[in-house]
Amino acid sequence: MTYPMTVAGLQRQLPLCRITDDLYIGAFICFGDAELTVACARDLLALVPAEDYDYLLTAEAKSIPLIHEMARQSGASKYFIARKGPKAYMPDPICVEDQSITTAGVQRLYLGRDDAELICGKRILLIDDVISTGGSLLAMEKLVELAGGTVVGRIAVLAEGDAADRTDIKYLERLPLFNADGTVKG
C-alpha cells in the first residue's frame, strides 16, 4: 500500500509502514531522491528568513541530505548533525536521550564539544524531515541548550498526525496517520 502525496511540487507514493497492529505511517524518505531533496530544501529555506538564524541543525540520519542541500542552496559554510552515537573524532561529546516513533526504544543524540562551542551564543534553526511525536526535536533542543545556543525555529518537510496542529513548527505538508487497511485515521 502507498499514499500519494505532493511535496514541494513533486508527486510521490509513500509506502505505508506498520508501527503497531492499528497504526501505519507513510514513509517519507529523501535518501536517493535528489530531485525531492533539492525541491524540499528550496521550499524549507523559504519558510524562515536567513537573517533569523546563524546555523542549521538536524538529527542523524534521514535529514542529512536535506540539511546539506539547504546549506548548499543558502550558501552556509557550516551546519550541525546530532549523531546517534559518539564518534572517535568527537572531543568530549555532550549527549541527550530521545524517543522517536521510527526508532525502537530510547536513542541518544551526541554533539562534539567542538561543535557545541560553535553553537554557544548562536541562533539555531532545527530541521527534520518528518515531525511526529516531537521526540527528536526535543532532544535537539536539549543539545542546543546544553551547548549554550538558542533555538529560534523548527521546520520540517512533513508534520505527521497531531504534530500538524503544533504552533511552534513550520512545515511544508501534513501527513496523516493510517489504519491497517490503508485508510486515513479519523
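The values are calculated or read from the model by the stated rules, or taken from the named source; none is laboratory data. Everything quoted here is computed from the prediction, not taken from an experiment. Don't worry about glycine lacking a Cβ; one is built from the backbone with ideal geometry, like all the others, and counts go over all protein chains shown. Ligands, DNA and RNA are excluded from the accessible area calculation, which covers all protein heavy atoms including side chains. Shrake-Rupley method; radii C 1.70, N 1.55, O 1.52, S 1.80 Å.
Tabulated results
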read-out	value
Any strands (runs of 3 or more DSSP E) falling wholly within segment 84-173 and containing at least 2 residues that are open to solvent by 70 Å² or more (accessible area, probe 1.4 Å) and more than 17 Å from Val48 (Cα to Cα)	94-100, 103-111
Strands (runs of 3 or more DSSP E) contained entirely in segment 1-59, each with at least 2 residues that are surrounded by fewer than 18 Cβ atoms within 10 Å (Cβ to Cβ)	2-7, 10-20
Only one of Asp33, Asp22 that is at pLDDT 95 or above and either touching a His at 6+ places or on another chain (Cβ under 8 Å) or more than 18 Å from Met140 (Cβ to Cβ) (or both)	Asp33
Single residue of segment 60-79 satisfying the filter (assigned to a helix (DSSP H, G or I) and touching a strand residue (DSSP E or B) at 6+ places or on another chain (Cβ under 7 Å)) that is most open to solvent (accessible area, probe 1.4 Å)	Ile64
